[in-house]
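No value in this document is a laboratory result; all are computed from the given coordinates. Worth saying up front: this structure is predicted, and the values here are computed from it rather than measured. All Cβ positions, even for glycine, are placed from backbone atoms using ideal geometry, and neighbour counts span all protein chains on display.
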Amino acid sequence: MLSASRFTYRSMPMGAVLTVVALACTPVAVTVARGGHDVSGAVAMASIGLGAVVAFAVDDPAANLLAAVPTPLWVYRSVRVLATVMFAIAGGTAVAVMRSAADAPPTPLGDALVVAATAAGVALAIAGTINRRTRNEAAGVTGVAAAAFTMVLVTALAVRFPWLPSLAGGPHHSRWLGLAAIAWAVTVWSTRDPAARRAAHFVKPRRKS
């Protein structure tokens with residue numbers, strides 16, 4: 001297990017992961033440094049970044065080599081997602097410490113987790129689909145950017161369509177879970193082994209005797 005963990009972290013784009021985590025924590029750090037007390041917007045932005053960072057789990061330079069191994073793709077992908085989640089948890093802890101230092105009003109933990117889970121699902125769905133279709137080993141950054149754009153776009157549309165969820169909270173905040181469910185369903189689909197699908201496609205039906 002230890003050797004597998006070391007291999008996973010070695011093959012991760014650590015520079016990109018750490019950069020996204022740092023950028024996600026920056027709005028909270030700047031708000032606190034300027035003496036601000038309302039960090040709800042900054043926490044929402046941090047939740048998007050810390051959730052979307054899991055998209056880099058798709059960027060695997062050893063994917064072609066591991067394709068010949070009988071272990072399913074979803075197993076490797078899950079291990080890599082868990083590896084990036086560790087960095088997201090570290091970033092979330094830093095955000096919580098800075099928020100408490102600013103003596104800010106309490107931010108519902110559930111709301112932040114819903115935003116992070118939605119961003120993670122969207123980022124993984126987009127990055128996984130790109131990787132599946134094009135075998136692009138650098139789809140993670142596209143997933144992160146697309147997740148951030150999607151979350152901000154839905155929030156902007158919520159001004160015109162009040163039934164949509166918003167990063168600012170409100171009575172429809174839980175509707176982010178609908179988008180999350182769709183995104184995670186696509187994510188699960190993207191982890192299917194293409195080789196297994198092709199093998200099933202070429203299986204000839206048995207003739208009836």
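Summary of computed values
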{"read-out": "Kirkwood Rh (inverse of mean 1/r, distinct Cα pairs), region 86-186, angstrom", "value": "14.8 Å"}
{"read-out": "Cα-centred dipole magnitude for region 80-157, charges only on beta-carbon of K, R (+1) and D, E (-1), debye, nearest 20", "value": "380 debye"}
